[in-house]
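Here's the structure, in structure tokens; my notes come after.
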Amino acid sequence: MSLLTVGSVAFDALETPFGKTDKIIGGAATYITLSASYFTDENNLVAVVGDDFPQSMINDLQQHGINTDGLEIRKGEKTFFWSGKYHNDMNTRDTVDVQLNVMENFDPIIPESYQGCTYLMLGNTAPAIQRTVIERMTTRPKLIVLDTMNLWIDIANADLMTLLPLVDVLVVNDEEARQLTKEYALVKAAAKIREMGPKTVIIKKGEHGALLFQDKLVFFAPALPLEEVFDPTGAGDTFAGGFIGYLAKTDDISFDNMKRAIIYGSAMASFCVEKFGTERIMNLSQDEIQARVSEFVKLSAFGLQ
Ligand code: AMP
């Protein structure tokens, strides 16, 4: 089934306890579409970059089967830039610099060929832009998944509140869930978010896995205990890309299938953190992905005897 992803395509500069990068390719939609490309062939991207964005990276996206007809390249303008520095625990980070550049007045144009897509992934960007995308879809996708971040909960709360009733699944991390609901306990936070609109809530807990809530149902997916976490940037987006990519591939949005999708998302995220930026998720094989999913199955399987 077809997937449309909207979000940032960016330059990032990162610093972790293991090293530092100059400007490398990043952006929420970059990680999402790359991750989803291992699951679905109909992978459509809407984003904006400046003419400083390398054509070689656009070629790489296309080689992953990603349709870039909706990638606007603005002449004479610069690509969105984000810089972050991780603390020693690798779970927390500070934003060192943000330059909105082309994102400042991003007007998401949906190419006619993208209309009718079945799955919509609204990657991290301003809630008003995410809402515009929904309004511009001539038919409502079967499933709309939304990602957001602390910044928007802070500065665009009213926009976010009008957007939440329009989406099916919200993906946030534990701190964002607490910030959004003012509830510390995640079970209560998830219940409050569900009252705000999305029937399904996914709360990511970094190296401690992810929780899936729907009605009275709860599922917990662990994160793989990795020897080395090199760079957590994009892990959340890669998780979301694997999640929605798997749903688009199987075209089954039941709770049971969402459990499997969360495991695939977690497996993809576990690759992402092994190298800086998008490097590790550029060239994965289906065998590697399946092997990692099997490790997840083993990780928490047990018998009572
Ligand atoms: P994650 O580590 O999954 O939270 O995502 C990191 C990516 O989010 C980076 O590649 C950044 O380029 C992107 N990002 C950071 N801040 C923003 C923002 N305000 N809007 C859109 N994308 C952002």
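The values are calculated or read from the model by the stated rules, or taken from the named source; none is laboratory data. Because the structure is predicted, anything quoted here is derived from the model rather than measured. In this analysis, Cβ positions are derived from the backbone assuming ideal geometry, glycine residues included, and neighbour counts consider all displayed protein chains. Ligands, DNA and RNA are excluded from the accessible area calculation, which covers all protein heavy atoms including side chains. Shrake-Rupley method; radii C 1.70, N 1.55, O 1.52, S 1.80 Å.
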Failed criterion for THR95 (all others in (1) open to solvent by 50 Å² or more (accessible area, probe 1.4 Å); (2) within 12 Å of the ligand (Cβ to nearest atom); (3) touching an Asp or Glu at 6+ places or on another chain (Cβ under 8 Å) hold): (3)
Pick from region 147-174, criterion within 13 Å of the ligand (Cβ to nearest atom) and within 18 Å of ILE244 (Cβ to Cβ), ranking: surrounded by the most Cβ atoms within 10 Å (Cβ to Cβ): VAL171
Flag if THR40 is touching a helix residue (DSSP H, G or I) at 6+ places or on another chain (Cβ under 8 Å) and within 16 Å of the ligand (Cβ to nearest atom): no
Residue within region 271-287 that is in contact (Cβ under 8 Å) with a residue 24 or more places away in the chain, open to solvent by 70 Å² or more (accessible area, probe 1.4 Å) and away from the ligand (no atom under 16 Å from the Cβ) present: yes
Residue list for region 1-39, restricted to those being hydroxyl-bearing (Ser, Thr, Tyr) and assigned to a helix (DSSP H, G or I): THR30, TYR31, THR33, SER35
Yes/no for ILE193 being among the β-branched types (Val, Ile, Thr) and either farther than 15 Å from LEU146 by Cα or within 16 Å of the ligand (Cβ to nearest atom) (or both): no
Residues of region 92-106 satisfying the condition of being among the acidic types (Asp, Glu) and more than 20 Å from the chain's Cα centre (by Cα): ASP97, GLU104
Filter result for GLY7 (farther than 16 Å from GLY265 by Cβ and under 12 Å from the mean Cα position of the chain (by Cα)): no
Near pairs, Cβ below 6 angstrom, 6+ apart or cross-chain, from region 222-245 (under 25 Å from SER83 (Cα atoms) and assigned to a helix (DSSP H, G or I)) to any residue that is more than 15 Å from the ligand (Cβ to nearest atom) and of a type outside the set (Gly, Ala, Ser): GLY242/TYR264
Residue in region 99-108 that is loosely packed, with under 14 Cβ neighbours inside 10 Å, within 12 Å of the ligand (Cβ to nearest atom) and at negative phi present: yes
Residues that are within 14 Å of the ligand (Cβ to nearest atom) and over 18 Å from GLU274 (Cα atoms), drawn from region 1-35: THR5, VAL6, GLY7, SER8, VAL9, ALA10, PHE11, LYS23, ALA29, THR33
Residues being more than 16 Å from the ligand (Cβ to nearest atom) and either at pLDDT 95 or above or within 14 Å of the chain's Cα centre (by Cα) (or both) - total across region 222-259: 14
Checklist (1) touching a residue at least 60 places away in the same chain (Cβ under 8 Å); (2) crowded, with 24+ Cβ neighbours inside 10 Å; (3) in contact with a helix residue (DSSP H, G or I) (Cβ under 7 Å, 6 or more places away or on another chain) applied to LEU45, failing item: (1)
Failed item in (1) away from the ligand (no atom under 16 Å from the Cβ); (2) open to solvent by less than 10 Å² (accessible area, probe 1.4 Å); (3) touching a Leu at 6+ places or on another chain (Cβ under 7 Å), with ALA177 passing the rest: (1)
Residue in region 131-142 that is open to solvent by less than 20 Å² (accessible area, probe 1.4 Å) and within 19 Å of the chain's Cα centre (by Cα) present: yes
Check on GLY19, on the phi > 0 side of the Ramachandran plot and open to solvent by 50 Å² or more (accessible area, probe 1.4 Å): no
Selection count, region 186-207, where residues are in contact with a helix residue (DSSP H, G or I) (Cβ under 9 Å, 6 or more places away or on another chain) and outside any helix (DSSP H, G or I): 8
